[in-house]
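Readers should treat all values here as calculations from the given coordinates under stated rules, not as data from a laboratory. Quick caveat, the model's predicted, so the values are computed rather than measured. Cβ placement follows ideal geometry from the backbone for every residue including glycine, while neighbour counts extend to all protein chains displayed.
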Amino acid sequence: MKPTKKAEVIIIGGGIAGLSAAVYLSRAMRDTLVVDGGKSMARWEPDVQNYLGFPNGVGGTELITRGRRQARRYGARFVNDMVIGGHKKAGAFVIQGEKHRYTCKRLLVATGIFHIPPDIPGIKPCLGHSMFFCKDCDGYRVQGKTIAVYGYTNETVDYALGMLPYSSCVMIVTDGRVPRWDEMHSQFAREYKIPISEQPIVNVRRNRQQIVSLQFDDSTEVLADALFTTRGDIYFSKLAKDLGAAVNDEGEVVVDVRMRTTVEGLYAAGCVTPANCQMIIAAGQGAAAAQAINRSLFDESLTTHSLRIHRDRQLRNKKTRPSFRARR
């Protein structure tokens, strides 16, 4: 039998959303436990330039480190573990990890997303430096450069068109796949004169972390400074589904404005939800979820009279009235 760890609130995922929630909940005097497998996508972002308050940019790993330190300062606990399943029993959540078993009153799923990288040999060192997943995050940094957009769907064409405000030299590479975009997007590509290469890519030529060119199987290459990929995303929503929460066709956990799922007591925040996957949005959603969880627990404490029990303990053991005196 695995040892059981209990908490008032458990957060699954120690990325930006989970850490933001942990800060808010621990400051609200909630017993908060973060179960983290250490796989936040933030670690793929060595230079985040659009996170408010960091005018010179900040590394994703540094944001995670700062967030953990901040949450610990207010009493949040952390466990390094991978969650493999869970269920709800008698109003409580029971979560199975590889190392431990967990139980809690409220559960926040902040398990995130995985951006599928392009299947190009040698590309991995370029992630976050010259190969990107998000034009909203990184379009600004490639102004005036030669940009390749990797993909073969409607989104790929939209992405290429969306890069035009940043650069006049934008092309699409399908890496040997037959384009699956519809006729309207085909017309867009022709209208805006977007070059398209359908040749399989066999390698990337790079200078350390900087892309120099993409090499094709016909012994040609195209010079490029940056590559944006549109291969798609994998949403880590299995735990939420196991617990009965509704998930949309993309795999995103359905939530309301308070980050509540369709299961009472279960919340979700960050990139595993339909939110635009931006770090600062994830942080905001984590805070919103934490406030909703705290309010839910407060309302419950009035219904169950647990707050009254806490107050009675205060009245017996602590000073509960301010001191009055005559003004001088």
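Things worth noting here:
- Taking Lys and Arg as +1 and Asp and Glu as -1, the other residues whose beta-carbon sits under 12 Å from that of L297 total 0.
- Qualifying aspartates and glutamates (Cα of each under 16 Å from Cα of K88; at least 8 residues distant if same chain): E8, D242, E264
- Here segment 199-312 has an Rg and Dmax of 23.0, 80 Å, counting Cα atoms alone.
- Restricting the GluC sites (Glu not before Pro) of segment 223-292 to loop positions (DSSP other than H, G, I, E, B) with no more than 11 neighbouring Cβ atoms within 10 Å leaves E250, E264.
- N276-R295 pseudo-label distance in nm [points 7 Å out on the Cα-to-Cβ vector]: 2.4 nm
- Full-extension gain in nm, L315 to V212, via 0.36 nm per residue minus C-alpha separation: 30.0 nm
- Model label points for R327 and Q49, set 7 angstrom from Cα along the Cα-to-Cβ axis, are 5.8 nm apart.
- For segment 87-93, backbone phi angles converted through the Karplus equation (6.51, -1.76, 1.60; θ = phi - 60°) give residue-by-residue couplings of 8, 10, 9, 6, x, 10, 8 Hz, Gly and Pro being listed as x.
- Ellipsoid fit via the Cα gyration tensor, segment 11-95: semi-axes of 26, 16, 10 Å, each the root of five times an eigenvalue, largest first.
- Prolate/oblate/rounded label for segment 116-176 (Cα gyration tensor, a/c 1.5): oblate
- Pairs of Cα atoms in the chain fall into 20 Å distance bins, from 0 up to the last occupied one, in shares of 28, 46, 21, 4, 0 percent.
- Kirkwood Rh in Å, taken over segment 124-229 so that all alpha-carbon pairs contribute: 13.7 Å
- Proximal charge balance of V58 [Cβ under 10 Å; K/R count +1, D/E count -1]: -2
- Compared with the direct C-alpha span, the chain from M82 to V254 gains 59.7 nm at full extension, assuming 0.36 nm per residue.
- Residue separation of R73 and Y192 scaled by 0.36 nm, minus their Cα-Cα distance, works out to 37.5 nm of gained length.
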